[in-house]
Amino acid sequence: DAMVIQNPRYQVTQFGKPVTLSCSQTLNHNVMYWYQQKSSQAPKLLFHYYDKDFNNEADTPDNFQSRRPNTSFCFLDIRSPGLGDAAMYLCATSGPGTGGGETQYFGPGTRLLVL
Amino acid sequence: AQTVTQSQPEMSVQEAETVTLSCTYDTSESDYYLFWYKQPPSRQMILVIRQEAYKQQNATENRFSVNFQKAAKSFSLKISDSQLGDAAMYFCAYRTRIMNNDMRFGAGTRLTVKP
């Protein structure tokens, strides 16, 4: 089945130690998103890629970066995690042909713990 | 800016009964999409139902239906014959037709299903 995959599901890192979260998709969607979701809150968009074009939300801290080496993969890099960055990180995709292009399909998320 | 409001932080329903979750939104656009997403505890966010603003007919997916009132900017979700597996956080979301990054989520409603 076509899907959005996130690895790892749980990630523990130390304060200030760089960490990378991964997302891959088999849907062949051209748009990929990264959201941060804190406990009992709505997802907050960090940035997205439209094909290779990177689009950053205005309030996304510089500490968060992203890479998309190809259509299938997208990475979230947190350069110096702080305690406030502990959250669930959701990857989502959208694209033409599935759901009309406007629907976002989410991965299972990676829960990040910062010690 | 578009905003989405879910005024019910928590709702509960008896198994096999019907429950309605409320959502209102604010926009100056005339063409947009509305969504209900379900996020079970520690599980993936999945699409429940989608409504296109230019369609007057309310969307239906099995036991899930919406009451879309465009003039009132209201988009409620009705769950009929509630099941234990319906227990989850439900997010109402809005996006414009044009922009890929313009998905706005409400704060969510936590639904409990009582056996």
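Every read-out reported here was derived from the displayed coordinates using simple, explicitly stated rules and does not represent laboratory data. Model, not experiment: these values are computed from the prediction. When we count neighbours, we look across all protein chains shown, and the Cβ atoms used for this are built from the backbone with ideal geometry, even at glycine.
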Cα atoms only, the range B:52-115: Rg and Dmax in Å?
13.6, 43
The range B:8-54: mean projected area of Cα convex hull, nm²
4.8 nm²
With +1 on the Cβ of every Lys and Arg and -1 on the Cβ of every Asp and Glu, the dipole magnitude of the range A:4-114 about its Cα centre, in debye rounded to the nearest 20, is 380 debye
Sorted by chain and then number, the residues having a modelled amide H within less than 5 Å of the amide H of B:VAL48, at least 5 places away or on another chain, are B:TRP36, B:TYR37, B:LYS38
Simple Cβ-charge dipole of the protein assembly as shown, Lys/Arg +1 and Asp/Glu -1, about Cα centre, in debye nearest 20
300 debye
Please report the antiparallel percentage of DSSP beta bridges with both residues in the protein assembly as shown, rounded to the nearest 5.
90 percent
P(r) histogram, all alpha-carbon pairs of the protein assembly as shown included - 5 Å bins from 0, percent
1, 7, 14, 18, 19, 17, 12, 8, 4, 1, 0
How big is the convex hull of the Cα atoms of the range B:3-114, per residue, in Å³?
95 Å³
Mean Cβ neighbour count within 10 Å, used as a protection proxy, ranking A:41-53, B:19-31, B:52-64 highest first
A:41-53, B:19-31, B:52-64
Inter-probe distance in nm under a simple model that places probes 7 Å from Cα toward Cβ, at A:PHE75 and B:GLU52:
3.9 nm
If one puts a single equal scatterer on every Cα of the range A:1-65 and applies the Debye formula without solvent, what log₁₀ I(q)/I(0) results at q = 0.24, 0.28 Å⁻¹?
-1.35, -1.39
Along the range B:71-77, what does the Karplus equation 6.51 cos²θ - 1.76 cosθ + 1.60 (θ = phi - 60°) give for ³J(HN,Hα), rounded to whole Hz, x for Gly and Pro?
4, 7, 6, 10, 8, 9, 10
Furthest towards positive pole of dipole, B:THR60, B:PRO41, B:THR96, structure part the range B:25-115, Cβ charges:
B:PRO41
Using only Cα atoms, figure out Rg for the range A:4-114 and give it as a multiple of 2.2 N^0.38 Å.
1.01
Relative contact order for the range A:4-114, counting Cα pairs under 8 Å that sit 6 or more residues apart, in percent:
38 percent
Quick check on my link table: of A:LYS44/B:LYS78; A:LYS52/B:LYS38; B:LYS73/B:LYS114; B:LYS78/B:LYS114, which ones sit more than 20 Å apart, alpha carbon to alpha carbon?
A:LYS44/B:LYS78; A:LYS52/B:LYS38; B:LYS73/B:LYS114
